[in-house]
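These notes are about the structure you will find just below.
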Amino acid sequence: MCRNIKPLFNFEPPTTDDQARAAALQYVRKVSGMTKPSQANAAVFDEAVNEIELATMRLLVRLTTTAPPKDREAWEEARRAKNRERFARPTP
């Protein structure tokens, strides 16, 4: 899975349309191998992003869980801490 696509289900505050769109855009970029499509492919690229965003939001609305929602800020901070540890420069 692409590292930039983050979990979106069962968070407080709930996932926004912008977050779903960002995930869809990352997915389409990964699958197509393009970060920015050519003019010839722009319409198809944008259509794919729109369809995946809608499918993502439908999925999130329909999923159920008995687990309490996770705190989005706490989750993001834990992710940042893990990245700091992972990419820390070794001391000479």
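Only the coordinates and a few stated rules stand behind these numbers; no lab work does. Remember, it's a predicted structure, so these values are computed and weren't measured experimentally. Every residue, glycine as well, gets a Cβ built from its backbone with ideal geometry; the counts of neighbours run over all protein chains shown.
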### Summary
The number of residues in region 15-69 that are more than 17 Å from residue 5 (Cα to Cα), outside any helix (DSSP H, G or I) and aliphatic (A, V, I, L, M) is 2
### Task
Output the qualifying pairs, or none if there are none: Cβ atoms under 6 angstrom, residues six or more apart or on different chains, first residue in region 41-68 and over 12 Å from residue 10 (Cα atoms), second residue among the hydroxyl-bearing types (Ser, Thr, Tyr) and part of a helix (DSSP H, G or I).
52/27
### Query
Looking at (1) outside any loop (DSSP other than H, G, I, E, B); (2) without any contact (Cβ under 8 Å) to a residue 40 or more places away in the chain; (3) of a type in the set (Gly, Ala, Ser), can you tell me which one residue 88 breaks?
(1)
